[in-house]
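Nothing in this text is a laboratory measurement; each read-out follows from the coordinates by a stated rule. From a predicted model like this one, the values you see are computed outputs, not experimental measurements. Counting neighbours? That spans all protein chains shown, and the Cβs are built from the backbone with ideal geometry, glycine included.
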Amino acid sequence: MQFILACMAVGTVFGAGLAIATEANQPPATEQAKPLRYLAKFDERFKAADKDGDGALSRKEAENAHMDRVLTHFQKLDLNGDGKLTREEVRALLRSRLSS
Ligand SMILES: [Ca+2]
Ligand SMILES: [Ca+2]
C-alpha cells in the first residue's frame, strides 16, 4: 500500500514537472513575433478570400469572407480608390494599428 502511495506521489511530482517543462518549451511571445504572426494569418485569410485570384479583395469578396473589420474600413483602406483592396493596402492599416 505504501509502495502504491509512493508511486502516486512520484507520478504527481513527475507529472507536474513535465507540465512546467512543456510550458517552458513554448516560444516566448515577444512583441516582435506577434505582429508577424498576425500578418501571416492575415495573408492566409486574404488568399482564401480572394476568390478570383487577382491579388486584391473586392468588397464582395470581403463580404463573402466575413472580414467585418476590413469592410468597416474599406473606403479608408482603399488608398488608390479602385474599389479593391490589395494586400499592401490592408497591411498598411494593420501595421499602423500594430505599431500604435
Ligand atoms: Ca479578388
Ligand atoms: Ca485599392
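Charges at C-beta only: +1 for Lys and Arg, -1 for Asp and Glu. How large is the resulting dipole of segment 58-100 about its Cα centre, in Debye rounded to 20?
Dipole of segment 58-100, to the nearest 20 debye: 160 debye.
Among all the lysines, which ones have a C-alpha under 23 Å from LYS60's C-alpha, if same-chain residues fewer than 8 places away are not counted?
LYS60 reaches LYS41, LYS47, LYS51, LYS76, LYS84.
Using modelled backbone amide H atoms (1.01 Å from N, in-plane), which distant-in-sequence or interchain residues come within less than 5 Å of LEU85's amide H?
Hits under the 5 Å cutoff: LEU57, SER58.
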